[in-house]
Amino acid sequence: MPPLTAITTARLDQDAIVSALDTTGIGAVSVFLGLVRDHNKGRRVLHLEYEAYEPLALRGLDLIVTEAFAKWPAVRLAMHHRIGRMEIGDASVVIAAASPHRADAFAASRYAIERIKQIVPIWKHEYFEGGDVWIEGATADPDNAVAREEALRIACA
Amino acid sequence: MRVTVRLFARLRDIAGNGELTREAPAGADVHAVWASLVADYPELSAYEKSISCAVNADYSRFSAAVAEGDEIAFLPPVSGG
């Protein structure tokens with residue numbers, strides 16, 4: 001059985017990630033894919049290269065699983081993030097959230113992607129037509145309660 | 001004492017290396033290690049307010065003491081997903 005959380009250079013297989021979840025008593029599975037988009041801020045994107053601080057990124061994913069469990073005890077989460085070079089349309093992240101009912105599966109999935117963007121040490125290097133740039137988003141701080149509240153607010157909106 | 005510094009993304013590009021061995025005085029904290037890096041790579045100073053740090057692959061604080069052999073990581077703002 002695949003692990004619930006992973007950082008990998010391999011192509012992501014959403015069916016395998018769903019199969020990591022115990023579906024006993026489950027009535028809904030929400031699967032989120034993050035894809036490499038062909039444009040960003042008016043730039044034509046050619047490809048992306050993702051880099052991670054792997055041991056801490058894995059801990060970050062595990063922390064998100066723990067946080068989601070505290071909020072939605074019946075939800076089971078699996079999250080795999082790919083690193084390395086990816087082409088347009090490739091999946092960079094897959095989140096599978098299983099729940100007895102659909103509302104919590106959708107909410108936990110949204111919470112997980114917001115938290116990945118806040119606290120997991122992964123960076124995308126964008127190669128676009130005319131240059132390249134490191135994308136810099138949030139200052140990572142798992143103890144930042146304001147950020148966590150914001151992710152919960154978005155998830156439950 | 002000797003510590004290992006890990007740098008990622010743009011920070012790695014600035015320093016030209018993602019893993020450096022650095023000398024730090026006894027009793028140094030994470031911030032002192034950062035300050036010594038900035039002295040060698042002044043472009044890093046732009047990240048003073050936006051970086052996070054980790055000690056031995058666990059998030060830490062700039063006031064945390066460092067010990068011989070520690071791995072100190074400096075993390076620019078993250079952009080996964």
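Bear in mind that the values in this text are calculations on the coordinates, not laboratory data. Since the model is a prediction, treat every value here as computed from it, not as a measurement. Neighbour counts run over all protein chains shown; Cβ positions are idealised from the backbone, glycine included.
Restricting attention to region A:68-157, which GluC sites (Glu not before Pro) occupy a DSSP loop and are surrounded by at most 12 other Cβ atoms within 10 Å?
Details: sites: A:E87, A:E114, A:E126, A:E129, A:E136, A:E149, A:E150; in loops: A:E129, A:E136.
Sparse-neighbourhood loop GluC sites (Glu not before Pro): A:E129.
So what's the net charge close to B:Y47: Lys and Arg +1, Asp and Glu -1, counting the other residues with Cβ under 15 Å from its Cβ?
On the way: positive: B:R6, B:R10, B:R12, B:K49; negative: A:E136, A:D141, B:D13, B:D40, B:E43, B:E48.
With Lys, Arg at +1 and Asp, Glu at -1, the neighbours total -2.
For chain A, what is the relative contact order in percent, using Cα pairs closer than 8 Å and at least 6 residues apart in sequence?
30 percent
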For chain B, longest principal axis from Cα atoms; helix B:30-40 axis from its Cα atoms; angle between them, nearest 10 degrees, is 70 degrees
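More than 15 Å apart: what percent of Cα pairs in region A:15-85 qualify? Numbers along the way, then the final one.
On the way: 1668 of 2485 pairs.
When all Cα pairs of region A:15-85 are counted, 67 percent exceed 15 Å.
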Whole-Å distance linking the alpha carbon centroid of region A:84-157 with that of region B:1-64 is 25 Å
Filtered hits (lysines, Cα-Cα < 26 Å from B:K49, offset >= 8 within chain) -> A:K41, A:K117, A:K124
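Only Cα pairs under 8 Å and at least 6 apart count here; give the relative contact order of chain B as a rounded whole percent.
Values: 135 pairs, mean separation 32.7, N = 81.
Rounded, it is 40 percent for chain B.
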Long-range share for region A:5-156, i.e. C-alpha pairs more than 20 Å apart as a percent of all pairs, stands at 49 percent
Its Cα gyration tensor gives chain B an equivalent ellipsoid whose semi-axes in whole Å, largest first, are 18, 14, 12
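Calculate the translational D of region A:68-133 in whole µm² s⁻¹ from Stokes-Einstein, where the hydrodynamic radius comes from the Kirkwood formula applied to all Cα pairs, the temperature is 25 °C and the viscosity 0.890 mPa s. Kindly include the intermediate steps, with their values, before the conclusion.
Details: Rh = 13.7 Å.
The diffusion coefficient I find is 180 µm²/s.
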